[in-house]
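A quick write-up on the structure given underneath.
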Amino acid sequence: TIKKVLQEDLFSDLAKIKTKTLVVWGAQDRMVPLEYAHVFKENIENSKLEIIPKAGHSLHLENPQKLTEIITQFLRS
C-alpha cells in the first residue's frame with residue numbers, strides 16, 4: 001500500500017485546496033524531504049509553512065509541545 005501511495009502524483013491537486021492550510025514540517029525529515037514543504041506552501045493558495053528545527057518526520061513524538069503551540073496559534077489566527 002505504501003508503495004502505491006508514494007508512486008501516486010498528487011501535486012497537481014495542491015492548487016485545488018482553497019481552505020486556509022497549515023503545513024508543519026520537521027527540518028530534518030528523512031522520509032519526506034523539506035523541499036516538499038516548500039512545494040506545498042507554494043502550491044496551496046492560502047497556506048502557512050512552519051518548520052520545526054531539529055525534528056524529523058514524527059513531529060508529534062519528537063516535539064509535541066512545539067507542534068501543539070504551532071497548531072494552537074494557527075487556529076487562533
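Go through the range 63-77 and give me each residue that's in a helix (DSSP H, G or I) and open to solvent by less than 90 Å² (accessible area, probe 1.4 Å).
The answer is PRO64, LYS66, LEU67, THR68, ILE70, ILE71, THR72, PHE74.
So which residues in the range 4-31 are touching a strand residue (DSSP E or B) at 6+ places or on another chain (Cβ under 8 Å) and within 22 Å of ASN63 (Cα to Cα), if there are any at all?
Result: THR21, LEU22, VAL23, VAL24, TRP25, GLY26, ALA27.
Could you list all residues from the range 39-62 that are open to solvent by less than 80 Å² (accessible area, probe 1.4 Å), more than 18 Å from GLN73 (Cβ to Cβ) and not polar (S, T, N, Q)?
VAL39, PHE40, ILE44, GLY56
The values are calculated or read from the model by the stated rules, or taken from the named source; none is laboratory data. Since the model is a prediction, treat every value here as computed from it, not as a measurement. Don't worry about glycine lacking a Cβ; one is built from the backbone with ideal geometry, like all the others, and counts go over all protein chains shown. Surface accessibility is based on the protein's heavy atoms, side chains included, excluding ligands, DNA and RNA. Shrake-Rupley method; radii C 1.70, N 1.55, O 1.52, S 1.80 Å.
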